[in-house]
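Take a look at the structure set out below.
Every read-out reported here was derived from the displayed coordinates using simple, explicitly stated rules and does not represent laboratory data. Predicted model, so just to flag it, every value in this text is computed and none were measured. For neighbour counting, all protein chains shown are included, and Cβ atoms are generated from backbone atoms with ideal geometry for every residue, glycine included.
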Amino acid sequence: LRLTDVGFGYHEGVPVLRDIDLDIPAGTRVALVGRTGSGKTTLTALLNRTYDVTQGSITLDGHDLRTLKLADLRRAVAAVRQDVAILPGTLRFNLDLEQGRPDAVLWDALRRCQAADLAERLGGLDADLRGALGGLSAGEAQVIALARILVHDPAVVVLDEATANIDTLTEARLQRATEAALEGRTTVVVAHRLSTILGADRIVVLDGGRIIETGTHQSLLDAQGAYASLYRGDDGGAAAAPGSEPD
Ligand code: ATP
Ligand code: MG
């Protein structure tokens, strides 16, 4: 994935992202961090063309995203959103989107995300999650969405980590599911958990819609800049600060 001079605004004259240049080699993981409102979710929304760039370009394997068929792009680039992850329908539908994959494939994905017991508790693959939605926490919903990644096997994953209402037990489960789903894929992750940040090849710090720092966890701490402040939680932007991992 390559972003060249990317700019974006939801409304004309109100830029939300500016001058974004980012090269993400195949199979590597980029963690996006930055305080709330810095543009992290917006940046991820450009990668599967939820929105189109208003300036510059994004290419996948050298092809401008706007020249790809949308269905092909969405097959190649899977997104797990920050807030919602469950579609109305059965667990099977949520994992497979009615593509008729065998049960064994779905259970294998659930097991690799350590979600087989959750699936059984819900009532199996044909459980209707419409009814169970109230019983799923935000974290459990993300685990299901991560299992869906394993079922669909996309080349690129864009993950906006959930932050709300995640208890410690789900946290550990989510961490393992995240590792299983991201392994070996090109990944852009809006990272809130330290474990996810530490697993990144490169950390990109956004502020006011611009990239202000990039590096590894250690190099950015050593630089004592914005990332180090975010990490220490002393810049007032704590909502999006990394390092909030429970232990
Ligand atoms: P958080 O850490 O809180 O998730 P973020 O870094 O993901 O924040 P974005 O959601 O990308 O931030 O928001 C960046 C800016 O764009 C903010 O000023 C926000 O108010 C604005 N914005 C986000 N979504 C929309 C939208 N659909 N329409 C208009 N403005 C939006
Ligand atoms: Mg966000």
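Taking all Cα pairs closer than 8 Å and separated by 6 or more residues, the relative contact order of the range 1-117 comes to 22 percent.
Please compute the volume of the convex hull spanned by the alpha-carbon atoms of the range 72-141 and report it per residue in Å³.
Details: hull volume 7.0 nm³, N = 70.
For the range 72-141, the hull spanned by Cα atoms encloses 100 Å³ per residue.
Provide 171, 161 in ascending order of the number of other Cβ atoms located within 10 Å of each residue's Cβ, fewest first. Kindly include the intermediate steps, with their values, before the conclusion.
Numbers: 171 17, 161 21.
Ordered by Cβ neighbours within 10 Å, fewest first: 171, 161.
Using a cutoff of 8 angstrom between alpha carbon atoms and counting only pairs six or more residues apart, the relative contact order for the chain works out to 28 percent.
All C-alpha pair distances within the chain, sorted into 5 Å bins from zero, spread as 1, 6, 14, 18, 18, 16, 13, 8, 4, 1, 0 percent across the bins.
Going by a ≥ b ≥ c, the root eigenvalues of the Cα gyration tensor, does the range 1-121 fall in the rounded group (a/c under 1.5), the prolate group (a/b larger than b/c) or the oblate group? Each step should come with its number before you reach the end.
On the way: a/c = 2.23, a/b = 1.90, b/c = 1.17.
Prolate.
Of 181, 139, 59, which is farthest on the positive side of the dipole of the chain, counting Cα position, with +1 on Lys and Arg Cβ, -1 on Asp and Glu Cβ, and the Cα centre as origin? It is 59, whose Cα lies furthest towards the positive end.
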